[in-house]
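Student: Here it is, the structure in full.
The values are calculated or read from the model by the stated rules, or taken from the named source; none is laboratory data. Predicted model, so just to flag it, every value in this text is computed and none were measured. Positions of Cβ are backbone-derived with ideal geometry, glycine not excepted, and every protein chain shown enters the neighbour counts. Heavy atoms of the whole protein, side chains included, go into the accessibility calculation; ligands, DNA and RNA do not. Shrake-Rupley method; radii C 1.70, N 1.55, O 1.52, S 1.80 Å.
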There are 2 protein chains.
Amino acid sequence: MRSSIQAQSGVCIPLSKGQKLKVFDMHGEQVSDLFCVDKYDHSNYFSANRTLDYNDSLMLTKGHQLYSNSSDVLMTILEDSCGTHDLLMPPCSLKMFQIVAGDNQYHPSCHENLVKSLADHDVPESFVSTTFNIFMNVFVDPSGKLEIKSPKSKPGDYILFQAERDLLVGLTACSHEQTNNGRCKPIEYQIM
Amino acid sequence: MRSSIQAQSGVCIPLSKGQKLKVFDMHGEQVSDLFCVDKYDHSNYFSANRTLDYNDSLMLTKGHQLYSNSSDVLMTILEDSCGTHDLLMPPCSLKMFQIVAGDNQYHPSCHENLVKSLADHDVPESFVSTTFNIFMNVFVDPSGKLEIKSPKSKPGDYILFQAERDLLVGLTACSHEQTNNGRCKPIEYQIM
């Protein structure tokens, strides 16, 4: 059975070793930030940088694995119908909106949604750092300049993960309008 | 007065707001990993990912600023005679050497050297995550594939930082032979 993550919100999904998590973009052009920690040792949290190092690539897809800051394998990507995701950008945050937009208005964010969802399981905010940004499309210029482009995901695109240890997985429907081609939409997921 | 960081080792440098830190590669082709935390709130630690986001670039140089996971400005780069540094790779670690080399031999690492240096100031290992890798040269292929190349730094090249708040700065002479064109050398620094 599929569950829905409302637009600009997030959930925490406990996942046992061997269980699978399928994340769907049913509307197209919608990003979902994924963060995870070892269920029994929250200081063993997802590291985008260890992950890109051990996979020798910024572009994760089928067959690649997600690593923790302690270099443990957390998840394996079993299937991927889209092929374009991001390992560079941190989750959007209230401070990011304030720095980028230059005002102090409140704005929902993936960082806040991940922190709140994981706080119910006693994961401290200080561990919520880097994310695997499913369906996010970031262009890297040869000069190193970065540009957020519209996601390449079409309605129905999905990615399938397998947990390689017992995990707490934070998952969002990204709150940043620009990242999602102007409109923040829901995300669906299924535990298998 | 200049101080030296022996090959394959690290130090912790307390730096007050406004103080400057100059890091020299006196031998050429030698990387130095930099990590820092707010002196009074260690959970407010350097984030390579927030840094690349707010600077819109993977390539930091003069005028760019280093940010924390809480989006605070930690340091500003005032001068840079080299121009090629890395924000992608995590600090080399014992587990990295084991995973990459496939054996269980001990090897010194930037991660261990940063953790040990900062532990004297009660910074927990779980906060030592991403680093600014001074003089490191990582090539990003248009496909996203990553390749560690020899540093572009020549003997005498330097980078000058200004602390934007009171900090504890971890600084290493990188332990990874491949990253440093086959030979791990010392690094020099000066507090101004």
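Student: I want to confirm something. Restricting to the range A:9-33 and keeping residues that are aliphatic (A, V, I, L, M) and within 20 Å of A:PRO155 (Cβ to Cβ), which single residue is nearest to the chain's Cα centre (by Cα)?
Tutor: Taking the range A:9-33 as the starting set, the residues that turn out to be aliphatic (A, V, I, L, M) are A:11, A:13, A:15, A:21, A:23, A:26, A:31.
Subsequent filtering for residues that are within 20 Å of A:PRO155 (Cβ to Cβ) retains A:21, A:23, A:26, A:31.
Details: A:LEU21: 13, A:VAL23: 10, A:MET26: 16, A:VAL31: 8 Å.
Taking the candidates together, the pick is A:VAL31.
Student: Being more than 23 Å from B:SER3 (Cα to Cα) and part of a loop (DSSP other than H, G, I, E, B) is the filter here, so list the residues in the range B:163-192 that pass it.
Tutor: Hits for the range B:163-192 are B:ASN181, B:GLY182.
Student: What are the residues in the range B:106-146 that are within 13 Å of B:GLY170 (Cβ to Cβ), within 12 Å of another protein chain (Cβ to nearest Cβ) and either without any contact (Cβ under 8 Å) to a residue 40 or more places away in the chain or of a type in the set (Lys, Arg) (or both), if any?
Tutor: Of everything in the range B:106-146, those that are within 13 Å of B:GLY170 (Cβ to Cβ), within 12 Å of another protein chain (Cβ to nearest Cβ) and either without any contact (Cβ under 8 Å) to a residue 40 or more places away in the chain or of a type in the set (Lys, Arg) (or both) turn out to be B:HIS111, B:VAL115, B:GLU125.
Student: Another question, if that's okay. What are the residue pairs meeting all of these: first residue in the range A:167-189, first residue free of Cβ contacts under 8 Å to residues at least 40 places away in the same chain, second residue surrounded by fewer than 19 Cβ atoms within 10 Å (Cβ to Cβ) and among the basic types (Lys, Arg), Cβ atoms under 9 Å, and 6 or more apart or on different chains?
Tutor: Listed by first residue and then by second, the contacts come to A:GLU177/A:ARG183.
Student: Mind listing whichever residues of the range A:23-62 are aromatic (Phe, Trp, Tyr) and not in a loop (DSSP other than H, G, I, E, B)?
Tutor: Keep residues of the range A:23-62 that are aromatic (Phe, Trp, Tyr), which gives A:24, A:35, A:40, A:45-46, A:54.
Within the range A:23-62, A:PHE24, A:PHE35, A:TYR45, A:PHE46, A:TYR54 qualify.
Student: Another question, then. Give me the residue from the range A:152-162 that is in contact with a Cys (Cβ under 7 Å, 6 or more places away or on another chain) and not in a strand (DSSP E or B) and, out of that set, nearest to the other protein chains (Cβ to nearest Cβ). Spell out how you get there, then give the answer.
Tutor: Our first condition is that a residue be in contact with a Cys (Cβ under 7 Å, 6 or more places away or on another chain); within the range A:152-162, this holds for A:152-153, A:157, A:159.
Now narrow it down to the ones that are not in a strand (DSSP E or B): A:152-153.
Numbers: A:LYS152: 14, A:SER153: 17 Å.
The selected residue is A:LYS152.
Student: Quick check on B:MET59: is it free of Cβ contacts under 8 Å to residues at least 40 places away in the same chain, within 15 Å of B:PRO151 (Cβ to Cβ) and either of a type in the set (A, V, I, L, M) or touching a Phe, Trp or Tyr at 6+ places or on another chain (Cβ under 8 Å) (or both)? Break it down stepwise before answering.
Tutor: Values: free of Cβ contacts under 8 Å to residues at least 40 places away in the same chain: yes; within 15 Å of B:PRO151 (Cβ to Cβ): yes; either of a type in the set (A, V, I, L, M) or touching a Phe, Trp or Tyr at 6+ places or on another chain (Cβ under 8 Å) (or both): yes.
Taking the combined requirement at face value, the residue satisfies it.
Student: Name every residue in the range A:111-136 that is open to solvent by less than 20 Å² (accessible area, probe 1.4 Å) and under 13 Å from the mean Cα position of the chain (by Cα), in order of residue number.
Tutor: Result: A:LEU114, A:VAL128, A:THR130, A:THR131, A:PHE132, A:ASN133, A:ILE134, A:PHE135, A:MET136.
Student: Next up: Being under 21 Å from B:ASN133 (Cα atoms), more than 7 Å from every other protein chain (Cβ to nearest Cβ) and open to solvent by less than 10 Å² (accessible area, probe 1.4 Å) is the filter here, so list the residues in the range A:41-58 that pass it. Before you say what the answer is, go through the steps one by one.
Tutor: First, pick out the residues of the range A:41-58 that are under 21 Å from B:ASN133 (Cα atoms): A:46-58.
Remaining after also requiring more than 7 Å from every other protein chain (Cβ to nearest Cβ): A:46, A:51, A:55.
Those that are under 21 Å from B:ASN133 (Cα atoms), more than 7 Å from every other protein chain (Cβ to nearest Cβ) and open to solvent by less than 10 Å² (accessible area, probe 1.4 Å): A:PHE46, A:THR51.
Student: Can you tell me which residues in the range A:144-176 are hydroxyl-bearing (Ser, Thr, Tyr) and touching a Pro at 6+ places or on another chain (Cβ under 7 Å)? Give the steps one after another, and end with the answer.
Tutor: Narrowing the range A:144-176 to residues hydroxyl-bearing (Ser, Thr, Tyr): A:150, A:153, A:158, A:172, A:175.
Selection gives A:SER175 alone.
Student: Kindly provide the set of residues from the range A:64-79 that are farther than 15 Å from A:PHE127 by Cβ and small (Gly, Ala, Ser), ordered by number.
Tutor: A:SER71
Student: If I filter the range B:68-103 down to residues being of a type in the set (S, T, N, Q) and within 13 Å of chain A (Cβ to nearest Cβ), which single residue comes out as surrounded by the most Cβ atoms within 10 Å (Cβ to Cβ)? Even if it seems obvious, please write down each step before you answer.
Tutor: The initial filter retains those residues of the range B:68-103 that are of a type in the set (S, T, N, Q), namely B:68-71, B:76, B:81, B:84, B:93, B:98.
If we keep only those that are within 13 Å of chain A (Cβ to nearest Cβ) too, we end up with B:68-71, B:84, B:93, B:98.
Values: B:SER68: 22, B:ASN69: 27, B:SER70: 18, B:SER71: 20, B:THR84: 19, B:SER93: 24, B:GLN98: 15.
Ranking the candidates gives B:ASN69 first.
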